[in-house]
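Here is the structure we will look at.
Readers should treat all values here as calculations from the given coordinates under stated rules, not as data from a laboratory. Nothing here was measured: the structure is a model prediction, and the numbers come from that model. We place every Cβ from the backbone using ideal geometry, glycine too, and count neighbours over all the protein chains shown.
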Amino acid sequence: MFRRSAIPQEVGVPVPVRLNIERYDRGFQHAVSGGHITAVEHLRQSFREGFRAGKLYCRALRRARGIVDFPMRAKIRFVSR
């Protein structure tokens, strides 16, 4: 579905100058591959911003393909009578 080897510069996502580019790229890759923030390294600002950009990129791709995310993710119980 998504290119796992995509880096932000290839897909047109601008990298802020104040951030560590390698860490930003790792965060972006982690988000595109479906990872979660679980390690201390993932809490660094550059990684988090890359991760956020990756999640937004994935969301934009899904929207462009017509896949809609529902706003509520909860179990709903229906009672039939």
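A few points about this structure:
- Hits in region 29-47 - residues which are under 20 Å from VAL15 (Cα atoms) and assigned to a helix (DSSP H, G or I): GLN29, HIS30, ALA31, VAL32, GLU41, HIS42, LEU43, GLN45, SER46, PHE47
- Cβ pairs under 6 Å, 6+ apart, first in region 7-21 and free of Cβ contacts under 8 Å to residues at least 40 places away in the same chain, second surrounded by fewer than 16 Cβ atoms within 10 Å (Cβ to Cβ): VAL15/ILE21
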